[in-house]
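A.B. asks: Got a structure here, written out as structure tokens. Questions coming.
A short reminder: the numbers here are calculations on the coordinates, not readings from a lab. Computed from a predicted model, the values in this text were never measured in an experiment. Heads up, the Cβs are rebuilt from the backbone with ideal geometry, glycines too, and the neighbour counts pull from every protein chain shown.
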């Protein structure tokens, strides 16, 4: 791996939660120690269910939340030490695009002003230059350059998300935090926005941190993927490793859920729901829902270990659990009663079953 | 198999800022006992309005302008609100997207589940209400049902709340269940659990289900038939396995290709250009024409007639269906998909 652009080490976020007025504060470990690196110009995908801590990580990366422990380094520089001018510069380099383009754009501002605002706040350009820049940005995201006079309510969801992206691109960031950028959009529009983000990444050499609950979206966009569960990584690896040769039962469950929808199928349906981070289960956080769990999983917490170069998993039995892919598994919801298995995957590559060392 | 619900030529108008628009335009559909029909479309395509029209639950700005809703031989469209009240909740259940908003936050789960027994069966005995509520909560696999009766909705997770909502709606063993984006707000693993639950309940009661969703793949997994809506009209319908194996309407094809899949790696998704027209400004001809790469002159001037073929009930509202079927529609790959087992 070349010089990593973003390096996160041992990041933790603990909130004190107080029940009632005089209740004792109890710690809630929203993020219980995560480490990852992101190579410049690539996409790192964070995937997990609601409550897994995806957005908390994003907030800490943007310095909207102070980490309780751990460090974040951008180009070798620790964010915790940034002050004054350096901090301003950091905020320019790292820009967010949020989920809901209906609430993330001020309804009383015109599109042009919305896109112009970060440039104005940071005193980046003179008035005339800023107008020119706004037109450039609108064109860059595929909107008419003269649309700056319009208000957000005049635009569709997809167009609004384009405005959000244009606003984020204004200060020429190096990195964008994409927090569920397409989940509020219609299916036919999602593909447009994902393609736009991919094009922009190529044109502008951007680094993306992509947060989504949708593994298929993350796999489409990312070079590497980290699978979060209860504030910890269950598995990290290259997209191919995660999707084709997952070594963690939770990732496998996610794949199964996605695959059974696409007409492929899955091995086992996981039971239950994500536990409250107030009361994480002892041992492995996933053990109450895991089809492979044994006594050891209930008492001893598995460490995140490197099972192949660049492929990490936090499971005692990473080497021995069966592989799950679209092609090998049985249905999650019994579709045998039907006449024919609906199936829309066009091309399915044969999956090389890799021997794990 | 008995037809439970047949809607014929439903037309619903809505008054909004832009004036009066046709939200549901000449929609016909049919659901049989024990079968599920997926109503698939993007937001604003009219799928929810179709459901609300059938149940007589339109907002005050909307009105059913024409059509019949034959439910077990009776026309719901002609029923008085009082008569409809007796049908809804008893013979027809409806599950909405977010149980947090469909359940009353101030009442316990027990209060809300027992209401259905009080209203539809006249059971006033508290102990009896409680016993039946526990029974129906156990039916939807809520653990420790008896203790959870005294909990409030906010104490439940999203998945559990949706189970409560299912419990209330299947308590009277309805013949028809309408699910409007019932699993959309949930995590994928929980979504799968609820689909399994719905399928089990469907088989127990031989219930007909109308499954409204924007997620084609979820529909394919769960349903028998599909009706794809665009701009207030159904554009393609038929058995879901057939529609997926050989989609014919360019919109259906576009939707199928626009979704990223784990099994099918691609560098680029083929997005459908443009966006859905607003109902106030519909194109003169086919509603999909401005976004369609196969449109010809006829598509611009005339809304397509139904093209019907085969004996499985397939039909498509596209002038170029014949071209699509014989593979001469330029640019559209005609797909003959093999079952999963053969590919592997």
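A.B. asks: Taking 7 Å along the Cα-to-C-beta vector as the label spot, tell me the residue A:71-residue A:136 distance in nanometres, rounded to one decimal.
C.D. replies: Distance between the two pseudo-spin positions: 3.6 nm.
A.B. asks: Ratio of alpha-carbon Rg to the 2.2 N^0.38 Å globular estimate for the protein assembly as shown, to two decimals, please. Numbers along the way, then the final one.
C.D. replies: Working: Rg = 26.1 Å, N = 701, 2.2 N^0.38 = 26.5 Å.
Output field value: 0.98.
A.B. asks: Let me ask something else about it. Could you state the angle between the C-alpha long axis of helix A:127-140 and the longest principal axis of the C-alpha atoms of chain A, as a value from 0 to 90 degrees rounded to the nearest 10?
C.D. replies: Between helix and principal axis, roughly 40 degrees.
A.B. asks: Under 8 Å for C-alpha pairs, at least 6 residues apart: give me the relative contact order for chain B, rounded to a whole percent. Let's see the in-between values first.
C.D. replies: Values: 615 pairs, mean separation 64.6, N = 344.
With pairs under 8 Å counted, the relative contact order is 19 percent.
A.B. asks: Pairs of Cα atoms under 8 Å, at least six residues apart: use those to get the relative contact order of region A:50-137, whole percent.
C.D. replies: Working: 27 pairs, mean separation 14.1, N = 88.
Computed value for region A:50-137: 16 percent relative contact order.
A.B. asks: Now, a different point. Kindly put A:109, B:207 in sequence by how many other C-beta atoms sit within 10 Å of each C-beta, fewest to most.
C.D. replies: Numbers: A:109 14, B:207 22.
With the fewest neighbours first, A:109, B:207 line up as A:109, B:207.
A.B. asks: Which of B:17, B:199, B:131 moves most in a GNM of chain B, Cα contacts under 10 Å?
C.D. replies: Result: B:17 has the largest fluctuation of those listed.
A.B. asks: Need one number: % antiparallel among DSSP beta bridges in chain B, to the nearest 5. Before the final figure, lay out each step's value.
C.D. replies: Working: 31 of 50 bridges.
Here the antiparallel bridges make up roughly 60 percent for chain B.
A.B. asks: Also, quick follow-up: What's log10 of I(q)/I(0) for chain A at q = 0.07, 0.12 Å⁻¹, Debye sum over Cα points only, no solvent?
C.D. replies: Per q value, in the given order, log10 I(q)/I(0) is -0.34, -0.96.
A.B. asks: Per DSSP H run of at least 4 residues, take -39500 (n - 2.57); add these up for the protein assembly as shown, divide by its residues and hand me the 222 nm value, nearest 500 deg cm²/dmol. Walk me through the numbers before you get to the answer.
C.D. replies: Working: 24 runs with 223 residues, N = 701.
Result for the protein assembly as shown: -9000 deg cm²/dmol, rounded to the nearest 500.
A.B. asks: Just need the relative contact order of region A:245-313 here, percent rounded to a whole number, with Cα pairs under 8 Å and 6+ apart.
C.D. replies: Worked out over region A:245-313, it gives 24 percent.
A.B. asks: Give me the Kirkwood hydrodynamic radius of chain B in Å, from all C-alpha pairs, to one decimal place? It would help to have the intermediate numbers written out before the result.
C.D. replies: Working: mean 1/r = 0.0466 Å⁻¹.
Value: 21.5 Å, from the Cα pair sum.
A.B. asks: Please build a GNM for chain B, connecting alpha carbons under 10 Å apart, and tell me which residue among B:326, B:26, B:205 fluctuates the most.
C.D. replies: Answer for the Gaussian network model of chain B: B:326.
A.B. asks: Further, regarding this structure: Among A:188, A:164, A:246, determine the one that fluctuates most according to a GNM of chain A built with springs between C-alpha atoms less than 10 Å apart.
C.D. replies: A:188
A.B. asks: With a/c under 1.5 counting as rounded, go ahead and sort region B:103-171 into rounded, prolate or oblate using the C-alpha gyration tensor (a ≥ b ≥ c being the square roots of the eigenvalues; past the cut-off, prolate if a/b is larger than b/c, else oblate).
C.D. replies: Details: a/c = 1.61, a/b = 1.47, b/c = 1.09.
Note, shape of region B:103-171 comes out prolate.
A.B. asks: For an R0 of 25 angstrom, estimate the FRET efficiency from the Cβ-Cβ distance between residue B:293 and residue B:28 and round to the nearest 0.05. Kindly include the intermediate steps, with their values, before the conclusion.
C.D. replies: Values: r = 28 Å, r/R0 = 1.13.
E(calc), rounded to 0.05, equals 0.30.
A.B. asks: For chain A, what proportion of DSSP beta bridges, expressed in % and rounded to the nearest 5, is antiparallel?
C.D. replies: Numbers: 30 of 48 bridges.
Bridges in chain A that DSSP calls antiparallel: roughly 60 percent.
A.B. asks: Still on this model: Please arrange B:15, A:149 by counting, for each residue, the other beta carbons lying within 10 Å of its beta carbon, fewest first.
C.D. replies: Details: B:15 13, A:149 10.
Taking fewest neighbouring Cβ atoms as first place, the list is A:149, B:15.
A.B. asks: Continuing with the same structure: In Å, what Kirkwood hydrodynamic radius results for region A:245-313 from the alpha-carbon pair distances?
C.D. replies: Computed over Cα pairs of region A:245-313, the Kirkwood hydrodynamic radius comes out at 13.3 Å.
A.B. asks: Length gain on complete extension for the stretch residue B:108 to residue B:151, per 0.36 nm per residue less the alpha carbon to alpha carbon distance?
C.D. replies: 14.9 nm
A.B. asks: Sticking with this structure for a sec: Calculate how many DSSP beta bridges within the protein assembly as shown are antiparallel, expressed in % of all such bridges and rounded to the nearest 5.
C.D. replies: Numbers: 61 of 98 bridges.
Taking every DSSP beta bridge within the protein assembly as shown, about 60 percent pair in antiparallel fashion.
A.B. asks: Arrange A:303, A:89, A:54, B:47 by Cβ neighbour counts within 10 Å, fewest through most, would you?
C.D. replies: Values: A:303 10, A:89 13, A:54 24, B:47 27.
With the sparsest Cβ surroundings first, the list reads A:303, A:89, A:54, B:47.
A.B. asks: How far, in degrees from 0 to 90, does helix A:157-169 lean away from the longest principal axis of the Cα atoms of chain A, to the nearest 10?
C.D. replies: 70
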